[in-house]
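Below: the structure, in structure tokens.
No value in this document is a laboratory result; all are computed from the given coordinates. The structure presented is a predicted model; accordingly, all values stated were derived computationally and were not measured. Ideal geometry is used to build each Cβ from the backbone, glycine not excepted, and the neighbour counts take in all protein chains shown.
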């Protein structure tokens, strides 16, 4: 899943207004931020194929540190205690939910490659139906974007976030229709981190511009 994780960040913002949106977006993608770093350093492994299905071209052969259920829950607990100490319970709860939600959303889409710990792997496999899932994810992201725009009437905020929404949809379309390639681990990692940074950056400036008024 890609856009769906950001949708969770948007929906959490609706509930936890005091937590910055950009942080909710970052933590909703935390394990997908950890993953490319580990891939670049050779700790976690991927393989590539030329499948017609764009969602199945990357094979996640070994990624228990970033994507196992046990580690995801551990990250969520650590985030809860960290932000409970640094900020308050509201921040801690919102950001830990964002972290934990990632694995359970991935469970819906991934083929059985998500580790529970090391060897047991699960996944409901909705990525095997690429056109249907593409539409579903775009709709989910669109609904969540509507809610976050509706929750903030500031014009500058809405312009920034709607622009971010359009850009992410364009990226998703490109990912869906782009030809299969075989990047190096460094290329994969850096590209993933760059893409992960886009929407949180738009959210940061959206809220910053809104606060200045």
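Table: residues versus (1) touching a helix residue (DSSP H, G or I) at 6+ places or on another chain (Cβ under 8 Å); (2) under 30 Å from residue 69 (Cα atoms); (3) not in a strand (DSSP E or B).
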residue	(1), (2), (3)
118	yes, yes, yes
124	yes, yes, yes
134	yes, yes, yes
139	no, yes, yes
149	yes, no, yes
156	yes, no, yes
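Tell me which residues, restricted to region 164-190, are in contact (Cβ under 8 Å) with a residue 12 or more places away in the chain, within 27 Å of residue 41 (Cβ to Cβ), out of contact with any strand residue (DSSP E or B) (no Cβ under 8 Å at 6 or more places or on another chain) and in a helix (DSSP H, G or I).
171, 175, 186, 189, 190 - these are the residues of region 164-190 that are in contact (Cβ under 8 Å) with a residue 12 or more places away in the chain, within 27 Å of residue 41 (Cβ to Cβ), out of contact with any strand residue (DSSP E or B) (no Cβ under 8 Å at 6 or more places or on another chain) and in a helix (DSSP H, G or I).
Quick check, is residue 32 closer than 18 Å to residue 122 by Cα and in contact with a strand residue (DSSP E or B) (Cβ under 7 Å, 6 or more places away or on another chain)?
no
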